[in-house]
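The values are calculated or read from the model by the stated rules, or taken from the named source; none is laboratory data. Owing to the predicted nature of the structure, the values given are computational and were not obtained by experimental measurement. Virtual Cβ from ideal backbone geometry, glycine too; neighbours counted across all protein chains shown. The protein model used for the area step is the full one, side chains on, heavy atoms only, and it has no ligands, DNA or RNA in it. Shrake-Rupley method; radii C 1.70, N 1.55, O 1.52, S 1.80 Å.
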Amino acid sequence: MKGERVAQLELLLRSHPEGLRRAEIARRLGVHRSTISRYVEDLSKHIDIYEDNNLIKIRQKEDEDENIALSIYEGIAFNMGAEILASNAELQSPHLASGLRKIAMNMRSYAPKVSDNILSVADRIDQEIQKNKSLNYRYNAVFEVLIDAWVTGRIVRLSTTVDGDEEIELAPYFIGFREEENQDRKPITVTGRLRHTKEIITLDITKITKAVLLDETYTIPDNLKPFRMTKENEASYDAIDMIPLKLGLKEKSAMNSFSDIIHTDIGFHNEADGSLSCTFKAENSIELMMHLFQCGSAVRIIEPESYRQKYISYMKSILKLYES
């Protein structure tokens, strides 16, 4: 953590060439003022720092190279994107502020106005973090573990407050905004598969109290697509890797053909008209389509309608091959 603070101190000083007082540095880093001297001492081993009229500054070198060269248009687009994220995220990340400062400082020589705008967004993020330091610290600690898990393909153990105090193990698939109605700020969520199940869930990261990276690895299915969990597309087969199917059955034995594809337990139901139906979730794959064809007239797709229409469209495309 100390090394991270020293890196943050360097970015702060580089983004404020006029210098900062120790009290202001402590406020922005969220630490006690007494620790700033140690950070300054550590940083001075790597770069030239000096103090002028109680202001800590970095002595700039004339031959310092710029590492990133964004066009004006890229810079403004980046600035607008950062504004949206800063305004809509329920909690803020110091990594976003840090990244913004790196971009801003590399643009200062040729786009000072854009650079100043980006720095102002970074400052606003810092201020938001300071308003609720303890919650933001916990949130970002969990966020970092989830990112590590997603990047390295490792399962993570989570303690959540969703259904009381609960502990689950998750294979993260996506991290991003969740669209919810009547909310000014949108929570950042993680979507993934519960370990030892085929169930895919989406969790508000603010509801996660602890995250621990495990040694077990996982693989994201090739046919899985990014999605936002809204009421409209929760039932959309094309947004998840498991399709919630309801089938009408003429022959119950037809379900034996699904034994070699991934699916949940099959529930059988007697309908009011005396017919038999079943419900289960099956992998979204071409193999599922082929097995439905194999069943012929013994099986009829009832739900979801979107997948039913896809199945009909597929059959029509096959028929066209034989019409000529």
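Selection of region 286-324 for residues being over 19 Å from Phe258 (Cβ atoms), part of a helix (DSSP H, G or I) and either hydroxyl-bearing (Ser, Thr, Tyr) or modelled with pLDDT of 85 or more (or both) yields Glu305, Ser306, Gln309, Ile312, Ser313, Lys316, Ser317, Tyr322.
The lone criterion from (1) at pLDDT below 85; (2) in contact with a Phe, Trp or Tyr (Cβ under 8 Å, 6 or more places away or on another chain); (3) open to solvent by 40 Å² or more (accessible area, probe 1.4 Å) left unmet by Val162 is number (2).
For Pro94, the stated conditions do not hold, so it cannot be described as surrounded by fewer than 12 Cβ atoms within 10 Å (Cβ to Cβ) and either touching a helix residue (DSSP H, G or I) at 6+ places or on another chain (Cβ under 6 Å) or not charged (D, E, K, R) (or both). For region 15-32, name all the residues that are under 16 Å from Asn132 (Cα atoms), open to solvent by 10 Å² or more (accessible area, probe 1.4 Å) and free of Cβ contacts under 8 Å to residues at least 24 places away in the same chain. Across region 15-32, the qualifying residue is only His32. Set side by side, the residues Leu288, Leu321 differ, and just one is open to solvent by 90 Å² or more (accessible area, probe 1.4 Å) and of a type in the set (A, V, I, L, M), which is Leu321. Of all the residues in region 135-161, those that are assigned to a helix (DSSP H, G or I) and closer than 15 Å to Asp204 by Cα number 12. Each residue in region 250-270 was checked for being within 15 Å of Met289 (Cα to Cα) and in a loop (DSSP other than H, G, I, E, B), and 4 pass.
Tallying residues that are open to solvent by less than 40 Å² (accessible area, probe 1.4 Å), closer than 20 Å to Glu199 by Cα and either part of a loop (DSSP other than H, G, I, E, B) or not hydrophobic (A, V, I, L, M, F, W, C) (or both) within region 271-282 yields 0. Consider region 110-154 and keep the residues that are surrounded by fewer than 17 Cβ atoms within 10 Å (Cβ to Cβ) and β-branched (Val, Ile, Thr). The one that is farthest from Leu11 (Cα to Cα) is Thr152.
Residues are listed down the side, and each one gets a yes or a no for (1) charged (D, E, K, R); (2) modelled with pLDDT under 85; (3) within 23 Å of the chain's Cα centre (by Cα):
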site: Leu96; (1), (2), (3): no, yes, yes
site: Leu100; (1), (2), (3): no, no, yes
site: Met105; (1), (2), (3): no, yes, no
site: Lys113; (1), (2), (3): yes, no, no
site: Ile118; (1), (2), (3): no, no, yes
site: Ile125; (1), (2), (3): no, no, yes
site: Lys131; (1), (2), (3): yes, yes, no
site: Tyr137; (1), (2), (3): no, yes, yes
